[in-house]
Amino acid sequence: MVGGLLLLLAVAPFPTAAQRPDAGDGYRVGITVGGISTVGLTLELYRDARSIDLTLGTFSFRDVALSAVVKQYFRDSALRPFVGAGLWLMVASPNDADRTGLALVARLPLGVDWNVSGDHSIGTEITINRALAIRRPDSADDRPLNGRLVPLPGIYYRWAP
């Protein structure tokens with residue numbers, strides 16, 4: 001699945017820089033709700049139609065979620081669909097646990113980014129997630145990984161200073 005996505009990104013036709021309203025290099029900062037955390041802060045570094053999206057978030061302030069995703073945007077309009085691939089690392093330290101829990105998850109986000117004005121954008125995505133590795137907080141818990149694909153929706157606001 002990931003290989004097919006990367007192949008799609010490599011061969012898909014992309015608009016030229018002159019067609020894009022945000023052509024060039026830059027960055028956006030923002031806030032996310034949902035997805036890898038209840039709330040998160042995002043830094044997105046972009047060049048033309050591609051970007052690297054870094055998000056730091058939390059579900060309950062006793063955990064930290066860090067995600068890195070490579071995205072490809074399509075179209076040259078204010079409403080741009082995107083697809084991406086990346087990793088999500090979750091670190092949790094529950095009160096009643098004997099060790100810190102860790103999870104490494106593969107992420108495949110699909111979404112739409114809407115440039116509301118020149119510097120402000122909002123977007124929504126649904127990310128398909130699959131656990132790659134886990135260390136449970138309870139050392140006696142040795143259950144194997146669940147191979148399910150888990151969809152998580154999210155929304156965001158981004159500002160390009």
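With respect to being assigned to a strand (DSSP E or B) and free of Cβ contacts under 8 Å to residues at least 40 places away in the same chain, Trp114 fits the description. Phe61 falls short on exactly one of the conditions (1) in contact (Cβ under 8 Å) with a residue 24 or more places away in the chain; (2) on the phi > 0 side of the Ramachandran plot, and that condition is (1). The number of residues in region 125-161 being surrounded by 16 or more Cβ atoms within 10 Å (Cβ to Cβ), under 27 Å from Asp48 (Cβ atoms) and of a type in the set (Val, Ile, Thr) comes to 1.
Here region 34-79 is the region considered, the condition is being over 26 Å from Asp138 (Cβ atoms) and hydroxyl-bearing (Ser, Thr, Tyr), and the residue that is surrounded by the most Cβ atoms within 10 Å (Cβ to Cβ) is Thr55.
Name every residue in region 129-156 that is basic (Lys, Arg) and not in a loop (DSSP other than H, G, I, E, B), in order of residue number.
Arg130, Arg135
The set of residues in region 33-58 that are under 16 Å from Leu102 (Cα atoms) and either among the aromatic types (Phe, Trp, Tyr) or free of Cβ contacts under 8 Å to residues at least 60 places away in the same chain (or both) comprises Ser37, Leu56, Gly57, Thr58.
Give the residues of region 80-101 that are surrounded by 17 or more Cβ atoms within 10 Å (Cβ to Cβ) and closer than 30 Å to Asn115 by Cβ, sorted by residue number. Arg80, Phe82, Val83, Gly84, Ala85, Gly86, Trp88, listed by residue number.
Every residue, every condition in (1) within 19 Å of Gly86 (Cα to Cα); (2) aliphatic (A, V, I, L, M); (3) at pLDDT below 95, yes or no:
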site	(1), (2), (3)
His120	no, no, no
Glu125	yes, no, no
Arg130	yes, no, no
Arg135	no, no, yes
Asp138	no, no, yes
Asp142	no, no, yes
Val150	yes, yes, no
Ile155	yes, yes, no
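Scanning region 98-111 for residues that are outside any loop (DSSP other than H, G, I, E, B) and farther than 19 Å from Ser51 by Cα, we see that the one that is nearest to the chain's Cα centre (by Cα) is Val105. Pairs under 7 Å by beta carbon, first residue touching a residue at least 12 places away in the same chain (Cβ under 8 Å) in region 96-108, partner exposed (fewer than 14 other Cβ atoms within 10 Å of the Cβ) and among the acidic types (Asp, Glu), six or more apart or different chains? Hits for this filter: Ala97/Asp138; Asp98/Asp138.
Residues to consider are Ser117, Ser121, Ser67; find the one that is in contact with a strand residue (DSSP E or B) (Cβ under 9 Å, 6 or more places away or on another chain), under 14 Å from Arg28 (Cβ atoms) and not aliphatic (A, V, I, L, M). Write out each step before concluding.
Working: Ser117 fails: in contact with a strand residue (DSSP E or B) (Cβ under 9 Å, 6 or more places away or on another chain); Ser67 fails: under 14 Å from Arg28 (Cβ atoms).
Just one listed residue meets the conditions, Ser121.
The values are calculated or read from the model by the stated rules, or taken from the named source; none is laboratory data. None of these values were measured; they are calculated from a predicted model. As a convention, Cβ positions derive from the backbone with ideal geometry for all residues, glycine included, and neighbour counts pool all protein chains shown.
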